[in-house]
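To start, the structure under review is shown below, and the notes come after it.
The values are calculated or read from the model by the stated rules, or taken from the named source; none is laboratory data. Source: prediction; values computed, not measured. For neighbour counting, all protein chains shown are included, and Cβ atoms are generated from backbone atoms with ideal geometry for every residue, glycine included. With ligands, DNA and RNA removed, areas are computed over all heavy atoms of the protein, side chains included. Shrake-Rupley method; radii C 1.70, N 1.55, O 1.52, S 1.80 Å.
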Protein chains: 2
Amino acid sequence: MAFPCLDAMETRSETLKASRSSSGPEPSYTSGATQSYHCRDPLELDWGGVLPEFTVAYETWGGMNADRSNVILLHTGLSASSHAHSTAANPQPGWWERFIGPGAPLDTDKYHVVCTNVLGGCYGSTGPGSIDPANGERYATRFPVLTMQDMVRAQFRLLDGLGVDRLHASVGSSMGGMQSLAAGVLFPSRVGRIASVSGCARSHPYSIAMRHTQRQVLMMDPNWNRGFYYGKVPPHAGMKLAREIATVTYRSGPEWEQRFGRRRADPSKPPALCPDFLIETYLDHAGEKWCLNYDPNSLLYVSKAMDLFDLGRENQVAAQARRAARQRGIRAGTCTPADSQCSLTLPATPYEEQPDVQVNAEDPVGPSSSRPPHDLVLGLSPVRDIPTLVMGVASDILFPAWQQREVAEALRLAGNRNVTHMELSEEMSLFGHDTFLLDLEHVGGNLRMFLN
Amino acid sequence: MAFPCLDAMETRSETLKASRSSSGPEPSYTSGATQSYHCRDPLELDWGGVLPEFTVAYETWGGMNADRSNVILLHTGLSASSHAHSTAANPQPGWWERFIGPGAPLDTDKYHVVCTNVLGGCYGSTGPGSIDPANGERYATRFPVLTMQDMVRAQFRLLDGLGVDRLHASVGSSMGGMQSLAAGVLFPSRVGRIASVSGCARSHPYSIAMRHTQRQVLMMDPNWNRGFYYGKVPPHAGMKLAREIATVTYRSGPEWEQRFGRRRADPSKPPALCPDFLIETYLDHAGEKWCLNYDPNSLLYVSKAMDLFDLGRENQVAAQARRAARQRGIRAGTCTPADSQCSLTLPATPYEEQPDVQVNAEDPVGPSSSRPPHDLVLGLSPVRDIPTLVMGVASDILFPAWQQREVAEALRLAGNRNVTHMELSEEMSLFGHDTFLLDLEHVGGNLRMFLN
């Protein structure tokens, strides 16, 4: 009796252990050469934490014009790097290689495209694997809780550094579709257009649930060691499983029915508990490719930031209040930017459900209601004058099409008369959430028309 | 900084370790008192294994009539026990308490309802936690691979023992909906009616993928120990996570949007990586309740049997050939029922995708095709004369409604003129796959009409 999938996992642990002890700390995670902007001004974060200084790694394509008015800021998905397209310094194809270039939807003959690595990630921007200037050690899980808005504020510090006052457009898909909207809400006077593809204005509980299981799987890996695995064997088994679960949410059942059906990897063999059906070997391979190429703590922080995403007015007001209190503390000298007592991180006691938490009966939510909650309409009102393209995909289970309908409807109710909403039917795409990576014709085509 | 969810896991491991060493082996898993049927004739299994003898634990409600013609065989879901309704010996409410009883959809004034614990499970029927008569030790992962049809054959051995020649009806939901169909295919002359609720005729890759991630999470728990954890600390952390993933597939996003929305367990606290949003505490609680109440090896074997389910003709013919070869070996004396060399279990080498595995272009599959594959129509032809009720739920993501449409259509194409197909819309139920446990009005009501 054999479990080749467990043998492979144990072999990897042994190999990593041997290489760590022979060659010192592991190499940093990287997606290749980037440019880098270091900001020495503190960044106050939505949940009360602060980064005394930080770095944003980024890449660019196309030339900036004289008045710096042709800049498109491109926001990435959770696991993607700034490497959206090949560069001279890094000729590897990027994740949107066909969408960027001369004559492409993001046309580098016209636009200067900037793509950043998000704060909290592991590809050169400050994240949990970075050195905390307060003590010279890696942050690990001492890193403060982040939000999408914190990541966007860091991006606009970079734009400040580049001397870019106003974007031609803020463009993003998936998590980037959250950020492209958030950029408009935070800096309405600095954003010319918004394109949000397969994104949303607030995370819903099903996607929180799917990310929860990924985080739990990772945190349960003994090698995670509560975040302090740097220089040791990383939680590669948990990362592999987390990626497998994520992959289930990125595509659609109908696509897999056509692509894999019920075929087994080797029909001549009896069934196995390790990967056996083709769909299983596909998931296994997706996990294998990923498990050593992304910092596990970055996955936790960025995934959590996605859960926390809510452009409703109430949430924005609460975050502003926390940031203002933090700034007052710093100015009054009762907190310093490097003071971990003042920088909210993670709680010391478990949570109990509070009996007074109740549904607001006046705000029916979800797909059974055709009207977005009033709080969300208020929250999106800063974007009322920005032309916005919202695209969704009917086969997407992670950011289901009702979420993009909600964004478009909330924008219209907020008074925006320039909202374009597109929904790709199952006939147009069976690729689910991943459609934005693959569909040059519809996603690329609509984007091109909207940007010009 | 604190991770209360990890503290809880570690505390449970310590407690279990202490109790194992102080009081000997753990108590058996149980759902309460059952009746028991022990069969001393070997059961040849679809994948070539054999059980030299086996036990079926079961419960019954209502009286059997004189000619034993009023028996309804009720098949369970994956994790459910035979305890569908309270009994004198076990007054705890069952999982279908309101669906069974005098005047209920399964009317005990008219019918004798029999519900078994499946072969491979852990509630009294033979499974991987049982003692192997060949060596006096627990089977663990030496247990042979099972199929739905193997489980059904064991149920019919029980019916033989009870002197029941023909069922009034074979009824089941979820995995039980697979088995209720399989009973008709295997024993068409012994089944009067079939009711299959939220089931299917063949597992599709999305549900295989979801079960794959659950099995992997469990197998990666170091306490699983390749199945040999009996008498030691069981893989409770893996079981908890597997249940959390399963729970995501049992309900629907829209239901959670209404029930939990974006509420946090304690909004006065900063965000946490351990459960924080209400949906997370809900999943956590579902995992906690389950993690010590079901045998992890049973989960693996029964879950795998669901993946292998395919009532297509080709698969049936191949299984018959394997069983026949096994029987010839036993008769010729080249194999004994207890001979593990003859009993196929799990493979010794990893699988590689075979280049000659190809899609049959003449059999378009999946929801994009309105016509079920011809192989499935042939496979269901034994059921052509049995009145059949097929029910599905539009909000089900695990056994999506197209699968029940496929069953109904394949039955009709096979020549069955007594097929009733019902699909509960999202307006009727947002409870997804779990609808069959909750919806007395529609599921119970349709069942009652069909059975009478």
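Taking a ≥ b ≥ c as the square roots of the eigenvalues of the alpha-carbon gyration tensor, region A:215-261 is classed prolate because a/c is 1.5 or more and a/b outweighs b/c.
Pairwise inverse Cα distances across region B:198-276, averaged and inverted, put the Kirkwood hydrodynamic radius at 15.3 Å. Estimated from helices alone, the mean residue ellipticity of chain B at 222 nm is -11000 deg cm²/dmol (sum of -39500 (n - 2.57) over DSSP H runs with n ≥ 4, per residue). Measuring spread by the Cα atoms of chain A yields a radius of gyration and Dmax of 22.1, 74 Å.
R0 = 22 Å: FRET efficiency of residue A:68 with residue A:293, Cβ-based, nearest 0.05? It comes to 0.05. Hand me the GluC sites (Glu not before Pro) from region A:40-145 located in a DSSP loop with no more than 16 other Cβ atoms within 10 Å, in residue order please. Of the GluC sites (Glu not before Pro), the ones in loops of region A:40-145 whose Cβ has at most 16 other Cβ atoms within 10 Å are A:53, A:137. Pairs with C-alpha atoms separated by more than 30 Å, drawn from the list A:17/B:269; A:240/B:289; A:289/B:289, are A:17/B:269; A:289/B:289. Whole-Hz Karplus values for region A:296-307 come out as x, 5, 4, 4, 4, 5, 6, 4, 5, 4, 5, 4 Hz, taken residue by residue from phi with 6.51 cos²θ - 1.76 cosθ + 1.60 and θ = phi - 60°; glycine and proline positions read x. Surface burial for A against B, with a 1.4 Å probe and both sides summed, reaches about 8500 Å² of accessible area.
Dimensions of the protein assembly as shown along the principal axes, based on C-alpha atoms and rounded to the nearest Å, stand at 92, 58, 58, largest first. Remark on residue A:57: its backbone amide H falls under 5 Å from those of A:37, A:117, A:125, A:126, a criterion applied only to residues 5 or more positions apart or on other chains, H modelled at 1.01 Å from N.
Taking a point 7 Å out from the Cα of residue B:371 in the direction of its Cβ, none of the residues of region A:257-273 has a backbone N less than 11 Å from it.
Couplings 3J(HN,Hα) of region A:308-323, computed from phi: 6, 5, 7, 7, x, 4, 4, 5, 5, 5, 4, 5, 4, 5, 5, 5 Hz, in residue order, whole Hz [Karplus 6.51 cos²θ - 1.76 cosθ + 1.60, θ = phi - 60°; x for Gly and Pro]. Loop-located GluC sites (Glu not before Pro) across region B:369-432 with a Cβ neighbour count of 16 or fewer within 10 Å are B:426, B:427, with loop assigned by DSSP. For region B:174-179, the Karplus equation 6.51 cos²θ - 1.76 cosθ + 1.60, evaluated at θ = phi - 60°, returns couplings of 6, 4, x, x, 5, 5 Hz by residue, with Gly and Pro reported as x. Below 8 Å, C-alpha to C-alpha, sequence gap of six or more: please give me the relative contact order for chain B in percent. Relative contact order, chain B: 19 percent. What a 1.4 Å probe finds exposed on chain B is 51% carbon and sulfur by accessible area, rounded to a whole percent. Taking every Cα-Cα distance in region A:3-136 and sorting them into 10 Å bins starting at zero, the pair-distance distribution P(r) comes out as 11, 30, 28, 21, 8, 1, 0 percent. Here the scattering of region A:165-319 is modelled by Debye summation over its C-alpha atoms, one equal scatterer each and no solvent; at q = 0.12, 0.15, 0.20 Å⁻¹ the log10 of I(q)/I(0) is -0.69, -0.94, -1.21. Subtracting the Cα-Cα distance of residue A:53 and residue A:438 from 0.36 nm times their residue separation leaves 134.9 nm of extension gain. Indicate the gyration tensor shape class of region B:143-200 (rounded, prolate or oblate), computed on the Cα atoms with a ≥ b ≥ c the square roots of the eigenvalues: a/c under 1.5 is rounded; otherwise a/b larger than b/c is prolate and the rest oblate. The shape class here is oblate. The mean number of Cβ atoms from other chains found within 10 Å of a Cβ in peptide A:201-207 is 6, as a whole number.
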